[in-house]
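Input: a single structure, listed below in structure tokens.
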């Protein structure tokens, strides 16, 4: 039975020992220093892990893109070609991790679902949980893997466009959930985008609220209670997640699935795409 949301360190160990088809991806990244994540990967990573760079592999800064914003999604076709090039095949279990509180690796988790690959899970607690268990890490780059035969399947998660969000604004069939920190949501500060504020009607759930003090996701029952309290009776199925550029919205989306409230939609262009058009409304406060 595949792992499809979270996987523990002990479960990953068991998978490795079983010899089951498996690929591990390190998605560590720092927005302020785009090359720092790859450097940290070279300094220490789980043996066999492939590095997935947010800007180079999980975004399309040039060429065809499937969304807008500061981190536009590559097309499914381009993403699928990259997966095959690093050795992923359709029958493999994928495990993704970072050292950033799962704030980066959830992007690859969602993208694999979007590519039709359900067998993908986030390593709960990330690299820190792995090293806390006194498990081995390695340095440097991994040997190149033979290309895989990855074929795109029907998307398993819903990508929502800016036009769709705008058309459903204020309607009962849509609940926008903003994952940015509260001061950015309220428009008090805006360090990255040219306009401060949030999408009118959006609820605020900072993505960091999903993680417990030990670095792992909170228990499913607690996550469910927190999201239900935030939604106040709104249908969880109407939720569309967004953040600044479509990356840190995804811990919220994953947390809702862990809580048994998903799957839900992703507005990948997020605030960076929304505020790029002055015709779209903005709310502050």
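State all residues of segment 171-189 that are within 17 Å of residue 285 (Cα to Cα) and either modelled with pLDDT under 95 or outside any loop (DSSP other than H, G, I, E, B) (or both); if no residue qualifies, say none. Even if it seems obvious, please write down each step before you answer.
Filtering segment 171-189 down to residues within 17 Å of residue 285 (Cα to Cα) leaves 176-189.
Those that are within 17 Å of residue 285 (Cα to Cα) and either modelled with pLDDT under 95 or outside any loop (DSSP other than H, G, I, E, B) (or both): 176, 177, 178, 182, 183, 184, 185, 186.
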- Message: Condition (residue is surrounded by 12 or more Cβ atoms within 10 Å (Cβ to Cβ), within 21 Å of the chain's Cα centre (by Cα) and in a strand (DSSP E or B)) applied to segment 221-238: is it met by at least one residue?
- Response: no
- Can you name the residue in segment 21-46 that is touching a helix residue (DSSP H, G or I) at 6+ places or on another chain (Cβ under 9 Å) and in a loop (DSSP other than H, G, I, E, B) and, of all such residues, is surrounded by the most Cβ atoms within 10 Å (Cβ to Cβ)? 27
- Looking at segment 210-220, is at least one residue in contact with a strand residue (DSSP E or B) (Cβ under 8 Å, 6 or more places away or on another chain), part of a helix (DSSP H, G or I), modelled with pLDDT of 95 or more and within 18 Å of residue 129 (Cα to Cα)? yes
- Query: Name the pairs whose Cβ atoms lie under 8 Å apart, with the first residue in segment 97-116 and under 16 Å from residue 44 (Cβ atoms), the second modelled with pLDDT under 95 and part of a loop (DSSP other than H, G, I, E, B), and 6 or more positions between them or separate chains?
  - Reply: 100/30
- Which one is nearest to the chain's Cα centre (by Cα) among residues in segment 143-152 that are at pLDDT 95 or above and surrounded by 16 or more Cβ atoms within 10 Å (Cβ to Cβ)? 152
- Query: On the given criteria, is residue 192 assigned to a loop (DSSP other than H, G, I, E, B), under 23 Å from residue 65 (Cα atoms) and either at pLDDT below 95 or under 21 Å from the mean Cα position of the chain (by Cα) (or both)?
  - Reply: yes
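Can you work out which of the residues in segment 11-20 that are part of a helix (DSSP H, G or I) and in contact (Cβ under 8 Å) with a residue 60 or more places away in the chain is surrounded by the fewest Cβ atoms within 10 Å (Cβ to Cβ)?
First, pick out the residues of segment 11-20 that are part of a helix (DSSP H, G or I): 11-18.
Then drop every residue that is not in contact (Cβ under 8 Å) with a residue 60 or more places away in the chain, which leaves 12-13, 15.
Details: 12: 24, 13: 13, 15: 18.
Per the criteria, the residue is 13.
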- Look through segment 122-142, keep the residues that are on the phi > 0 side of the Ramachandran plot and assigned to a loop (DSSP other than H, G, I, E, B), and return whichever of them is surrounded by the fewest Cβ atoms within 10 Å (Cβ to Cβ). 134
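Name the residues in segment 169-182 that are without any contact (Cβ under 8 Å) to a residue 60 or more places away in the chain and either surrounded by 13 or more Cβ atoms within 10 Å (Cβ to Cβ) or in contact with a strand residue (DSSP E or B) (Cβ under 7 Å, 6 or more places away or on another chain) (or both), would you? Write out each step before concluding.
Here is the first cut: in segment 169-182, the ones without any contact (Cβ under 8 Å) to a residue 60 or more places away in the chain are 170-171, 181-182.
The answer is 181, 182.
Just need a number here: residues in segment 237-268 that are without any contact (Cβ under 8 Å) to a residue 40 or more places away in the chain, within 20 Å of residue 172 (Cβ to Cβ) and in contact with a helix residue (DSSP H, G or I) (Cβ under 9 Å, 6 or more places away or on another chain). Don't jump to the end; show me each part of the working.
Within segment 237-268, the first condition is being without any contact (Cβ under 8 Å) to a residue 40 or more places away in the chain, and the residues that meet it are 237, 256, 259, 261-262.
Remaining after also requiring within 20 Å of residue 172 (Cβ to Cβ): 237, 256, 261-262.
Now narrow it down to the ones that are in contact with a helix residue (DSSP H, G or I) (Cβ under 9 Å, 6 or more places away or on another chain): 256, 261-262.
Total meeting the criteria: 3.
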- Any residue in segment 77-97 that is closer than 28 Å to residue 194 by Cβ, at pLDDT 95 or above and in a loop (DSSP other than H, G, I, E, B)? no
- Task: Among residues belonging to segment 51-67 that are part of a loop (DSSP other than H, G, I, E, B) and more than 16 Å from the chain's Cα centre (by Cα), point out the one that is modelled with the highest pLDDT.
- Result: 64
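From 137, 189, which residue is outside the structural domain of residue 95 (by TED's automatic domain parsing), under 18 Å from residue 274 (Cβ atoms) and in contact with a helix residue (DSSP H, G or I) (Cβ under 7 Å, 6 or more places away or on another chain)?
Working: 137 fails: under 18 Å from residue 274 (Cβ atoms).
That would be 189, the only listed residue that is outside the structural domain of residue 95 (by TED's automatic domain parsing), under 18 Å from residue 274 (Cβ atoms) and in contact with a helix residue (DSSP H, G or I) (Cβ under 7 Å, 6 or more places away or on another chain).
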- Message: Among (1) surrounded by fewer than 22 Cβ atoms within 10 Å (Cβ to Cβ); (2) part of a loop (DSSP other than H, G, I, E, B); (3) at pLDDT 95 or above; (4) over 16 Å from the mean Cα position of the chain (by Cα), there is one condition residue 70 misses while meeting the rest; what is its number?
- Response: (4)
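The values are calculated or read from the model by the stated rules, or taken from the named source; none is laboratory data. Just so you know, these numbers come straight off a predicted model, no measurement behind them. Every residue, glycine as well, gets a Cβ built from its backbone with ideal geometry; the counts of neighbours run over all protein chains shown.
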